1. Looking at segment 18-25, can you tell me whether even one residue there is under 14 Å from the mean Cα position of the chain (by Cα), under 23 Å from residue 126 (Cα atoms) and surrounded by 19 or more Cβ atoms within 10 Å (Cβ to Cβ)?
2. Find the residue count for segment 1-17, including only residues that are modelled with pLDDT under 95 and surrounded by 16 or more Cβ atoms within 10 Å (Cβ to Cβ).
3. So which residues in segment 16-57 are away from the ligand (no atom under 16 Å from the Cβ), within 25 Å of residue 129 (Cβ to Cβ) and in contact with a strand residue (DSSP E or B) (Cβ under 6 Å, 6 or more places away or on another chain)?
4. Out of all the residues in segment 122-133, which are away from the ligand (no atom under 11 Å from the Cβ) and either modelled with pLDDT of 95 or more or in a loop (DSSP other than H, G, I, E, B) (or both)?
5. Could you list, in sequence order, all residues of segment 1-15 that are farther than 10 Å from residue 55 by Cβ and either touching a strand residue (DSSP E or B) at 6+ places or on another chain (Cβ under 6 Å) or within 16 Å of the ligand (Cβ to nearest atom) (or both)?
6. Is it the case, given these coordinates, that residue 87 is free of Cβ contacts under 8 Å to residues at least 40 places away in the same chain and either within 16 Å of the ligand (Cβ to nearest atom) or surrounded by fewer than 15 Cβ atoms within 10 Å (Cβ to Cβ) (or both)?
7. Consider residue 79 against the criteria (1) more than 25 Å from residue 155 (Cα to Cα); (2) at pLDDT 95 or above: it satisfies all of them except one. Which criterion is unmet?
8. Which of the residues that make up segment 134-155 are loosely packed, with under 15 Cβ neighbours inside 10 Å and away from the ligand (no atom under 16 Å from the Cβ)?
Ligand SMILES: [Mg+2]
């Protein structure tokens, strides 16, 4: 039997926009001085995905921030398998500009009993998943646009691929262009 899929969501610019820029008006709420807006359709996405997959959150922000953010954005009827923060990330040094950055190493998730073939991580920052590109569903960053519809498309896409035995083998780079509709123009390729 195929193992239940695990979908891990990043927070900043993936599910929410948090900024100290006062032009983000109106914010949905304020957290640690940041004005925060939920990405449109966020609650629908989490509810819909929780029907066919386990859900985790993994952000490279601080532990307190992640804990409070999750409390604010995850509906009460959606349960998370985990909500991890920076303390679970691995620190790396970019040898070109000598800047540190954080990596989400999926080996840590394997320890919870998930095989890599059944893990997807949705994140706007590819460098944070550098060791596991095959698991990465890259998402356009969200900066607060109320017309953003990416999460609805994402929910439909995840549902379509949820039963694929090894999600790492899927070409996921063009997912946001994929659609259930019949597109006659495709046959012209
Ligand atoms: Mg992000």
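The values are calculated or read from the model by the stated rules, or taken from the named source; none is laboratory data. As the structure is a computational prediction, the values presented were derived from the model and not from experiment. Ideal geometry is used to build each Cβ from the backbone, glycine not excepted, and the neighbour counts take in all protein chains shown.
1. No.
2. Adding up the residues that qualify gives 0.
3. The answer is 49, 53, 54, 55.
4. Listed by number, the residues that qualify are 130, 131, 132.
5. 4, 10, 11, 12, 13, 14, 15, listed by residue number.
6. Judged against the criteria, residue 87 is a match.
7. That leaves (1) as the condition not met.
8. Within segment 134-155, 146, 147, 149, 152 meet the criteria.
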